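In what follows, a single structure is set out as structure tokens and then discussed.
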């Protein structure tokens, strides 16, 4: 990674710890607590809402926003579009987590509608990134995309092209989470490693990362924020994995390590800028 | 327990670890995270939904399903019946957790409607098993059944007859959770021990067991799946209790131990087949 | 603190451990699991509901009730007023947690409606206590009250007058949570210390305290219950903080310590009755 990018990451992580930005969410009920605790551990201030008027109010009050469609409720038909409209009107960055894209009528309608709204950062596993690119008409409709519920059946490298196309479409950044996370702004592609296999043995590791990306998006441009998030999460994950062999204690250590991680350590996590294809 | 049953349990636990079956849920918001983490710790793939069309889609996509009515929402009036219809049309096994049966109009209506739908496995505490048997007209309507919110005021042995009647009604298996768990297919009754008193000092131990039963139901007949679940949970609970005296650390160790438990160890957990009455 | 108050706290904590009162909740989805586990760790029996008829049924069945408006759903328009009506008709104590007062139409409407209903105990951070007093017309409408999402931008001492006015309005007790918690019945003001800075680095410390207050409200007058809750929480928090430097392990130890805390130890937590102003 370029030294200038390392410095930008360090400054972003420091700014979050110093300012504790308010970063509200509309997110799923399964991992909502973990998302909030992850955001707080990094230095952010979390607030979760469901109602349309509260989404719009929080879009105004917050510095960034996290939208995760993991568990769809009927009221999202109104609250998600209205929140996004308020975010874009106010020029606030927001992170989209297109969980289980392709399942369900309302989920599909909401995710299609986000193409025009242009999320600042999109984060998903490989199946989700490929699925969203297909839903937005950016991938060949004949290309096969498979998932297993909320889990991926593809590797991040398989989703590399889809990630770049999504980033070019939005003008923001895209993160493909996996054993090695890919981050792209549509041109450059970075690969961040150091996480743990145990990440896949807890629910919500991806959601926690998404919430974390939104916190950093409050304090940096999309690519820097995305790189800050994946490197913070991988750094903490690697240290947590050294302390335990079980998934529940791993989750506990992951939050503790994220809380204790210094900006310097996060900026020094192994992360390679890949050669242009 | 018969040696053949021990072998069947071991095979079931191994199959889950090898195949990581997708086992979606409609479950309560209180313990939804614990249910997902329990399912994943055992080797399953979890996915939680609320919407009717997503319940039906997940019934098709999954290998089994968990339905827990702990916290009722209005949209369940449509989503639970439609999901069950899809499950039964596809011949997929599903586990019912009739939490707080007897409270509320919609809860009562939904649980009554499940008599015809015949859940593959029913799991509840003693009060819930007795309450469901009464709601389905299988117990004398004069028989007194008491509960305290979501907690039981009866012992599993008091619910023995109700459990057998329910299993005979559905043709599946029934689990009565408690200090010693009872498992029956309507004829044989097994008693699995080894859990911990600390189980009653955390919320969702019963829900976690229910979600776990659904994972094993993906890979075995109802009785084998039920015995796999209770023995896995009791084995992990006993080991977790040796490591701590507090409920929150107990919950953490419970998930860690479940993740690390070998199929052989689970199949060897103390479990007696009781003499016919 | 007066010796008679210490004795009353000890008796209250003992009664909860002995009787395990059922204390249902309508509470937010972010911290619902932590609230339940906190209530259970202290000896209570938790049960969470959303539907109006179930709120009313649980108001009847329970010994006290916890209402936290952290995450508003449309169905609360019916379920919260109906539950409160049932609570007051039955003379059951209830605790109000006016999270994020001032945001959103339905939240505002519900919180305004509670002025007449007179919650037994109100608990909030300083911004929430000041905001509720203002919403109820008890504070000068020109007084500035600021918050950051669900977080406070004021100290408990700044909310001292608002707390006293609220307690005088309801005839109950008010708790202002913060580094030092204030408790008042409208006349006397107590300051309980001993908690941990780590409390502010997890989500739901305030909600957990609110749920705990409701458990103690089942067994004592409002002031005694409020003092029991804050001292139990601070005692456990201080001990937990001695065992860890990270927020997730702190939360685990907090619940473990609460479970293990003796009534004597809780009653002996540092808590000063302040001189009348």
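Values quoted throughout were computed directly from the atomic coordinates according to the rules given, and no laboratory measurement underlies them. Keep in mind that this is a model prediction, so the values were computed, not measured. All Cβ positions, glycine included, derive from the backbone under ideal geometry; neighbour counts span all protein chains shown.
Observations on the structure shown:
- Distance between modelled label sites at residue B:245 and residue B:18, nm, 7 Å Cα→Cβ extension: 4.4 nm
- Per-residue Cβ neighbour counts within 10 Å put A:130, B:58, A:1 in the sequence A:1, B:58, A:130, beginning with the fewest.
- Cβ-vector label at 7 Å, residue B:221, separations to other copies in nm: 6.5, 6.5
- Distance between the modelled labels on residue B:90 and residue C:118, one decimal in nanometres: 5.5 nm (7 Å Cα→Cβ projection).
- Projecting label points 7 angstrom from Cα along Cα→Cβ for residue C:109 and residue B:187 puts them 5.9 nm apart.
- Cβ-to-Cβ counts within 10 Å put A:273, C:107 in ascending order as A:273, C:107, the fewest first.
- Ranked by how many other Cβ atoms sit within 10 Å of their own Cβ, fewest first, the residues C:65, A:73 fall in the order A:73, C:65.
- Antiparallel DSSP beta bridges within the protein assembly as shown, percent to nearest 5: 40 percent
- Each other copy places its own label point for residue A:4 at 7.4, 7.4 nm from this one, sorted shortest first, where the point lies 7 Å along the Cα-to-beta carbon line.
- Averaging over all projection directions, the Cα-based convex hull of the protein assembly as shown occupies 31.9 nm² in the image plane.
- For chain C, DSSP calls about 40 percent of its internal beta bridges antiparallel.
- For chain A, the Cα gyration tensor yields ellipsoid semi-axes of 25, 21, 19 Å (square root of five times each eigenvalue, largest first, whole Å).
- With a Förster radius of 30 Å applied to the beta-carbon distance between residue B:75 and residue C:60, the computed FRET efficiency rounds to 0.70.
- Label point 7 Å beyond Cα along the C-beta direction, distances from residue A:17 to other copies (nm, shortest first): 4.1, 4.1
- Looking down the axis that turns chain C into chain B, the chain C residue with its beta carbon nearest that axis, and the gap rounded to whole angstrom, comes out as C:29, 3.
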